[in-house]
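Q: One structure, pasted below without further comment.
The values are calculated or read from the model by the stated rules, or taken from the named source; none is laboratory data. Everything numeric here is computed off the predicted structure, so don't read it as measured data. Every residue, glycine as well, gets a Cβ built from its backbone with ideal geometry; the counts of neighbours run over all protein chains shown. To get the accessible areas, we keep the full protein, side chains included, count just its heavy atoms, and leave off ligands, DNA and RNA. Shrake-Rupley method; radii C 1.70, N 1.55, O 1.52, S 1.80 Å.
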Amino acid sequence: MNEVFAGRIAIVGLGYIGLPTAAALATRGIEVVGVDVNEATVKAVANGEVPFVEPDLSAAVSGAVAMGRLTASTETPAADAYIIAVPTPFRDDHQADLRHVQQASEQIAPMLRGGEVVILESTSPPGTTEQVSRWLAELRPDLVFPHSSEGVPDVYVAHCPERVLPGRIMIEMVTNARVIGGITPRCAAKAAAIYRVFVQGEIVLSDAASAEMAKLVENAYRDVNIAFANELSLISERIELDVWEVIRLANHHPRVNVLTPGPGVGGHCIAVDPWFIVGAAPEEATLIRAARQINDHKPHHVAQQVALKSERFRNPTIACLGLAYKANVDDLRESPAIDIVAAIAQAQPELDIRVAEPLTHVLPHQLADHPNVRLEAACDAIAAADIVVLLVDHDHFRSLSRSRLAGKVVYDTRGLWR
Ligand code: SAJ
């Protein structure tokens, strides 16, 4: 019989992964304490509120709080299991910045009594889970950790990378297969008992470093495929072909599935994680590095194209539709759309730029200081514009009547209106 966890879980980091995981566990009867350094986040969650947009998450969080199963705190409590779900950004040299993971380990260490499971969910370079075990061991020499012992450790340490797609988190968290890599097989089995509480997909056990690398590979795979589509869009522009038509035709082949070109790759995952592979093997990871460079170049290309189009007018008004990193989310992290609007505003301060983003109410700080950039409803922005630049394929823009675009120069970076 497979073990199923019963006990108290502390989830360190109440962001896009930690909070949905907390809600998934708590709504299935587990006592969960969510921990975050951000007091506003802790206050919101303690009140049953969600500080960002994600379908079905609000109902799960408010329900779990009302049931008394989910609480929130800035302090890490004693618990039977700890899940670390903190950001792992990269530094200027593209190496992973593990500061938050280390801080989480330092918060957990004093609370350990023996018998706990510590799970790293944050996307991390191979070797990080073992590093967590070492950080904990340095602070708790009185306990036995799995990296240094073949036998039964006092504390079990494993990696269980998250794989959910923003916008579908509450569905994918339950239905996706989960890879669980233990520092030892016993660690993996202990961690699996926790995910069995809410995961309906297959639970696949492995070692920690392979699980870490598998997660990076998943996102690098997508990045390389998006880079292929983005390169096709540049080639098609050069030889004056419609890339959407070319891809539509090619995708009729039974073994071809070209992804969708866009204004660049954003978000906190795909634009970041491949660098961890490049950092681990810089000489070998040439394709993965090239893909990152192609996708990172795309926003500059879009900004240049808008500048070229604006030369046809005298002080034109430009409507930029969308700021989020992708459709139907309010997440602005690493968003190519923001970089593009900022680049246009910086290059031509005389332009009148109207930005429409139905999922935010304020301009992000990168744009707030530009006096020529303002946030408006999409219809007003389009009505005032000479040039309409579609940057995010939100459903809201899809449903706009095409007649509004009549007589405008339209630059559709997502192929939404073709
Ligand atoms: N994009 C394109 N063209 C496409 C697909 C995406 O330009 O055909 C762009 C999007 O607009 C966005 C970026 O790529 O800017 C990333 O979007 P995404 O939907 O591909 O992925 P994320 O970042 O929202 O979530 C990814 C997912 N990974 C994979 O699909 C392999 C998700 O499953 C992971 O859990 C998540 O990264 C993560 O947290 O690692």
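Q: What residues have an amide H closer than 5 Å to that of V204, excluding those fewer than 5 places away on the same chain, when H is modeled at 1.01 Å from N in the peptide plane?
A: It is R178, V179, I180, by chain and number.
Q: How far is helix 128-139 tilted off the main Cα axis of the chain, in degrees rounded to 10, range 0 to 90?
A: Taking Cα atoms only, the helix is inclined about 50 degrees.
Q: Which value, in Å², gives the accessible area per residue of the stretch 8-201 when a 1.4 Å probe is used on the protein heavy atoms?
A: 39 Å²
Q: Percent of Cα-Cα pairs more than 12 Å apart in the stretch 51-96, please.
A: 77 percent
Q: Considering all alpha-carbon pairs of the stretch 172-236, what whole percent are spaced by more than 18 angstrom?
A: 51 percent
Q: To continue, here is another question. Which pairs, out of K43/K326; K43/K190; K215/K326, put more than 25 Å between their alpha-carbon atoms?
A: Check vs 25 Å cut-off fails for K43/K326; K43/K190.
Q: If you count the DSSP beta bridges with both ends in the chain, what percent of them are antiparallel, to the nearest 5?
A: Antiparallel bridges make up about 5 percent of those DSSP assigns within the chain.
Q: Can I ask one more? Report in % the part of the accessible area of the chain that belongs to carbon and sulfur, leaving out ligands and nucleic acids; probe 1.4 Å.
A: Here it works out to 51 percent.
Q: In Å², what does the accessible area per residue of the stretch 265-418 work out to with a 1.4 Å probe?
A: In whole numbers, the stretch 265-418 has 44 Å² accessible per residue.
Q: Could you give the semi-axes, largest first, of the ellipsoid that matches the stretch 8-201, computed as the square roots of 5 times the alpha carbon gyration tensor eigenvalues and rounded to whole Å?
A: Whole-Å semi-axes of the equivalent ellipsoid: 25, 18, 17.
Q: Something else now. Rounded to the nearest 500, what is the chain's calculated 222 nm mean residue ellipticity when only DSSP H runs of at least 4 contribute -39500 (n - 2.57) each, over all residues?
A: -12000 deg cm²/dmol
Q: Measure nothing fancy, just the Cα-based angle from helix 185-195's long axis to the longest principal axis of the chain, in degrees from 0 to 90, nearest 10.
A: Once rounded, the angle reads 60 degrees.
Q: Next question. In Å and whole numbers, how far do the C-alpha atoms of the stretch 218-412 stretch along each principal axis, longest first?
A: 49, 37, 29
Q: Taking only the alpha-carbon atoms of the chain, what semi-axes of the equivalent ellipsoid follow from 5 times the gyration tensor eigenvalues under a square root, in whole Å, largest first?
A: For the chain, the ellipsoid semi-axes come out as 43, 24, 19 Å.
Q: Still on this structure, I have one more. So for the stretch 8-201: antiparallel DSSP bridges make up what percent, rounded to the nearest 5?
A: Just about 10 percent of them are antiparallel.
Q: Taking only the alpha carbons of the stretch 320-362, what extent do you get along each of the three principal axes, in Å, biggest first?
A: Between the extreme Cα coordinates on each principal axis of the stretch 320-362 lie 30, 18, 15 Å.
Q: While we're on this one: Using only the Cα atoms of the stretch 101-213, construct the convex hull and provide its projected area averaged over every direction, in square nanometres to one decimal.
A: Over all viewing directions, the stretch 101-213 projects a mean Cα-hull area of 6.8 nm².
Q: Stick to Cα atoms and the Kirkwood definition of Rh, then tell me Rg/Rh for the stretch 363-418.
A: Result: Rg/Rh = 0.97.
Q: Still on this model: For the stretch 1-119, which semi-axes, largest first and in whole Å, follow from the square roots of 5 times the eigenvalues of its Cα gyration tensor?
A: They are 22, 19, 13 Å, listed largest first.
Q: Which loop-located GluC sites (Glu not before Pro) does the stretch 182-287 contain, where loop means any DSSP state but H, G, I, E or B and the Cβ has at most 15 other Cβ atoms within 10 Å?
A: Answer in residue order: E202, E240, E283, E284.
Q: Going by a ≥ b ≥ c, the root eigenvalues of the Cα gyration tensor, does the stretch 289-395 fall in the rounded group (a/c under 1.5), the prolate group (a/b larger than b/c) or the oblate group?
A: The shape class here is oblate.
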